[in-house]
Amino acid sequence: SPASSSSQMMATSAPPGAGGPPGPRKKSGGLASGMDLDAQYAAKVRPWLELAEDLRTLSLDSTLQVPQICVMGDQSSGKSSVLEALSGIPFPRGSGLVTKCPVRLVMRRAEAGTKWKAAASAAGSPRETTADSPTELTGVLGRLMEVSTRTQAFSTDPIIVRLTSEDAPDLTVVDLPGIVRTSTAGQSQAVIAEVNALIDDYLAQERTIILAVIPANQDIATVDILERAQRVDPRGERTLGVLTKPDLVGDGNEDEVMAVVKNQRKPLKLGYVIVKNRSQAQIKQGTSSAAAREDEARFFAAHPVFRKLEKKKCVGIKTLTDALTKLLVHRLQHQLAPMKRQVEALYGKVRTELRSVQTQGIPTTTGERQKLLVTLTQDFVRQLHDCVRGEYRDRLIVTSPTLRLYTRAIVIFQELQTKVLKSAPRFQDRNFVDDLARRMEGLRGRELPGFMSSQSFYMFIQDFIDAWAIPSRAAAQQTRALAAEVVTELLQHIAPAYPALRDAFDGAANAILEATEDEAYVLIETLLVREKDPFTINEFLQAHINKLRYDKFDTAVDAAFAATSSSSGSSSQSSSSSQSGSSANQSWDASKQQIMANLRTWYQNSHSVSSFANAEDLSAILQAYWTLASKRFVDNACMSLDDRILGTLCPRLQESLFQTTHDDEKLEAFFTPDPAIVAKRQQLEALKDRLARATAAMASIQPPPRAAPPPNTKQDQPAPPPQQQPQQQQAPPPPQQQQPSPFVLLQIPVGPQGLGLQLADEQGDVVTRGFRNGSLAQQHGAQLGDVLVEINGRKVTSFDAAIAELKSNKNPNVALTVRRGR
């Protein structure tokens, strides 16, 4: 099973940088040899553990999940006993909820002869309480828990314990409260939900290793913690099971326990370890940790069933300790690159937020305030002018689409155009012409038959133009609101730290915009009045009227021919196919007569002296003039809005703002720091500093060149039953062969698009991760996964340096030395 071989694998295939467990010191090497082995082990393991602690002390828990080991299980599952065996600390015991808050236990091995010492503190508190013995530390933990839960039965804030001892392992674990099923006397029912929520929160963190503590005398199928772990870790890749209380397993149930430890029941990728901790009798007798370990060894050696597990290396607290250390270090190594990327992304985000609340200083004298006001006003008006004019040169406007005022104003102008066009009457519709004829009859005066009244044209066109008033006023309102919105947003960028100044600028801009909106209304009303008094010297009107008349004539001709073709087609079906030439001529004459008759009918209806004929002609004139007038009005209305609302904003606003430069009271109010912004800036500065230190901490440690597989991966799959596992002898290793050099020199020509490489920064290596279309590098031998070592003979020291070197190359070819394969 995975866990059963953990000790053996840690000695033979530990991840690079992690090393194997210290193991027992060999007598043949003497004490010095054992100490050297411990020192080598600590040098490989401890930097990774210290990195995790450094990252946690930066208070980035809410933004950066650091790999950790969490001890979880039911109440009375043996959690406290496991922690006690790992650390030598007698954790508080009792019935009900004993662990009232999370406890992070940081253990470090000290040199031989170093005095045992420990310190405990509440999360976020700089005050530590020291202890000189395990028993004293137990009391300190109890008091800290009482303090943290003085006003509540349970707390989510952890207690941090730092322990140094020559017997302690190099390990960090988090002890969580046991799963609560029923509240005890004096406890609220809310405690159950709070504890479950805390456990689920730790379970959901993808970088957390779940140490599931399970009593060996309990049915594995009913264990709650395994069910919860499976929901968040379905493949069991970060869950290690620990079976406790093997001495309480009833006769005949040992085979079931053996199946679990062998990973045949509820298999986990990391497997199971079985341990025996101090019994209640031993606890009362005060049995020491060393004596408890000796008792554990004797128990498994003498047990008729469990002693078979010793060969599988999945027994005892020593095996568990080594496995946990290796798992944690490997997890840290594996997650270092993702954590770096996460911190870098957070750092960039914080810098962006920090720029939004940055200040240009807090002026203290009138002169300084005046100078700063003038500077901010000029900067604001300059950028607002670019927004109004549609000249997007500043990076701020280029990267902020909502600041592109003129682009957004064009949308409003286009909407006005669309609404005006939609208001057009249906000039060609028969109902429109009939209604026009009736209204012309109602307006007839002294005109002779065949003459149209110009008054009718004026009245009708005025009615149509009235429909333009509402959309044009709406466009003025929208333009004013848009300008006010852009002013407010631009001020957020120009003066983020001066809310009083922004309010003053906003107020001045809104006052100007309201005034210019009223002025724009007056201009639009003037345009509407002018358009109601028809006038033009534009030849478009005459040309358009003639076009409409020609179109009507073409339509009449097409209709006449269509009617004739339909009639002649019906006749041809009933006539003989052997007609003489004279009969064909007679048929053509008949068709001409019918066409002429159809055209005469159309002409009489359209050009006779009648109300309908007059209405037909007037509809064409109205349509032509409406088309001309609507285009002219839309252009003039948009220009009026542009000139009056947008065009006058900047000069008027600048004049208004400069008037405050001599008002000392206003100047002082403008640059009084906003407490909320100051607090936010301080928080962002602190977070930025912590992220920078986190980046530095992760940069100070280098992962191994090639990460090893997770611990125990050779036993990832559940082991088959014993009878299906025949012993196989390992084949002798093949003879050593000459390995090809991992370094390859490539000579690549530089094309118009460069080399066509897509490079990535992976843990300090510059790695080829893709090629653009037509990549010259790919054509000349570059492969995915190639690591750049040298560029034109210069060693690659970083990703940025490599990019700079490639960009600065002036040669027609680039010489790349790459590392390929292992």
Next on the checklist: If I filter segment 430-452 down to residues being without any contact (Cβ under 8 Å) to a residue 12 or more places away in the chain and under 60 Å from the mean Cα position of the chain (by Cα), which single residue comes out as most open to solvent (accessible area, probe 1.4 Å)?
Outcome noted: ARG430
Next on the checklist: Restricting to segment 398-413, give me the number of residues that are under 17 Å from THR488 (Cα atoms) and in contact (Cβ under 8 Å) with a residue 60 or more places away in the chain.
Outcome noted: 7
Next on the checklist: Residues that are surrounded by 14 or more Cβ atoms within 10 Å (Cβ to Cβ) and modelled with pLDDT of 90 or more: list the helices (runs of 4 or more DSSP H) wholly contained in segment 355-429 that include at least 3 such residues.
Outcome noted: 366-389, 405-422
Checklist entry - When segment 273-292 is examined, which residues are found to be surrounded by 18 or more Cβ atoms within 10 Å (Cβ to Cβ) and not β-branched (Val, Ile, Thr)? => result LYS276, ASN277, ARG278, SER289, ALA292
Checklist outcome for this item: Only unsatisfied item for ASP551, checking (1) open to solvent by less than 50 Å² (accessible area, probe 1.4 Å); (2) over 30 Å from LEU667 (Cβ atoms); (3) of a type in the set (Asp, Glu), is (1)
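Quick check on this structure: which one of ALA495, ALA556 is at pLDDT below 95, within 30 Å of ASP394 (Cβ to Cβ) and either surrounded by 14 or more Cβ atoms within 10 Å (Cβ to Cβ) or among the basic types (Lys, Arg) (or both)?
Numbers: ALA556 fails: within 30 Å of ASP394 (Cβ to Cβ).
Of ALA495, ALA556, the one residue that is at pLDDT below 95, within 30 Å of ASP394 (Cβ to Cβ) and either surrounded by 14 or more Cβ atoms within 10 Å (Cβ to Cβ) or among the basic types (Lys, Arg) (or both) is ALA495.
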Checklist entry - Picking from GLY34, GLY29, which residue would you name as being surrounded by fewer than 17 Cβ atoms within 10 Å (Cβ to Cβ) and either modelled with pLDDT under 55 or not in a helix (DSSP H, G or I) (or both)? => result GLY29
Checklist entry - What are the residues in segment 560-586 that are at pLDDT 70 or above and either surrounded by 14 or more Cβ atoms within 10 Å (Cβ to Cβ) or not in a helix (DSSP H, G or I) (or both), if any? => result ALA560, PHE561, ALA563, THR564
Checklist entry - Got at least one residue in segment 93-101 being of a type in the set (Ser, Thr, Tyr), at pLDDT below 85 and open to solvent by 50 Å² or more (accessible area, probe 1.4 Å)? => result yes
Checklist entry - GLY821 is checked against (1) closer than 30 Å to ILE701 by Cβ; (2) outside any strand (DSSP E or B); (3) without any contact (Cβ under 8 Å) to a residue 60 or more places away in the chain and fails just one. What number does that condition carry? => result (3)
Item to check | Members of segment 783-817 found to be free of Cβ contacts under 8 Å to residues at least 40 places away in the same chain and more than 33 Å from the chain's Cα centre (by Cα), listed by number | outcome: GLU790, ILE791, ASN792, GLY793, ARG794, LYS795, SER808, LYS810
Next on the checklist: Consider segment 782-813. How many of its residues are in contact with a helix residue (DSSP H, G or I) (Cβ under 8 Å, 6 or more places away or on another chain) and surrounded by 13 or more Cβ atoms within 10 Å (Cβ to Cβ)?
Outcome noted: 4
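Kindly evaluate GLY785 against the criterion of being touching a strand residue (DSSP E or B) at 6+ places or on another chain (Cβ under 9 Å), assigned to a loop (DSSP other than H, G, I, E, B) and modelled with pLDDT of 65 or more.
Judged against the criteria, GLY785 is a match.
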Checklist outcome for this item: Of the conditions (1) in contact with a Ser or Thr (Cβ under 7 Å, 6 or more places away or on another chain); (2) modelled with pLDDT of 85 or more, the single one that SER133 does not satisfy is (1)
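Listed here are the residues, each with its yes/no results for (1) acidic (Asp, Glu); (2) under 30 Å from PHE540 (Cα atoms); (3) without any contact (Cβ under 8 Å) to a residue 40 or more places away in the chain; (4) surrounded by fewer than 16 Cβ atoms within 10 Å (Cβ to Cβ).
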{"residue": "ILE621", "(1), (2), (3), (4)": "no, yes, no, no"}
{"residue": "GLU655", "(1), (2), (3), (4)": "yes, no, yes, yes"}
{"residue": "PRO673", "(1), (2), (3), (4)": "no, no, no, yes"}
{"residue": "ALA676", "(1), (2), (3), (4)": "no, no, yes, yes"}
Checklist entry - Taking the condition assigned to a loop (DSSP other than H, G, I, E, B), closer than 26 Å to GLU256 by Cβ and open to solvent by less than 20 Å² (accessible area, probe 1.4 Å), does LEU270 pass? => result yes
Checklist entry - Quick one: what pairs do we get from segment 330-343, first residue assigned to a helix (DSSP H, G or I) and open to solvent by 30 Å² or more (accessible area, probe 1.4 Å), second at pLDDT 85 or above and of a type outside the set (S, T, N, Q), C-beta under 7 Å, 6+ apart or different chains? => result ARG331/PRO67; ARG331/ARG207; ARG331/ILE209
Checklist outcome for this item: When every residue in segment 505-522 that is surrounded by fewer than 20 Cβ atoms within 10 Å (Cβ to Cβ) and among the hydrophobic types (A, V, I, L, M, F, W, C) is compared, the one farthest from CYS387 (Cα to Cα) is VAL522
Checklist entry - So is GLN455 open to solvent by 50 Å² or more (accessible area, probe 1.4 Å) and at pLDDT 85 or above or not? => result no
Item to check | Exclusive hit being outside any helix (DSSP H, G or I) and either out of contact with any Asp or Glu (no Cβ under 6 Å at 6 or more places or on another chain) or not aliphatic (A, V, I, L, M) (or both), set ALA475, ALA497 | outcome: ALA497
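Table: residues versus (1) on the phi < 0 side of the Ramachandran plot; (2) part of a loop (DSSP other than H, G, I, E, B); (3) touching an Asp or Glu at 6+ places or on another chain (Cβ under 8 Å); (4) not polar (S, T, N, Q).
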position	(1), (2), (3), (4)
GLU441	yes, no, no, yes
ARG446	yes, yes, no, yes
MET452	yes, yes, yes, yes
SER456	yes, no, no, no
VAL486	yes, no, no, yes
GLU489	yes, no, no, yes
ASP503	yes, no, no, yes
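The values are calculated or read from the model by the stated rules, or taken from the named source; none is laboratory data. Since the structure is predicted, the reported quantities are computational estimates derived from the model, not experimental observations. Glycine gets a Cβ as well: all are built from the backbone with ideal geometry, and neighbour counts include every protein chain shown. Areas reflect the complete protein model, heavy atoms only, side chains present, ligands, DNA and RNA absent. Shrake-Rupley method; radii C 1.70, N 1.55, O 1.52, S 1.80 Å.
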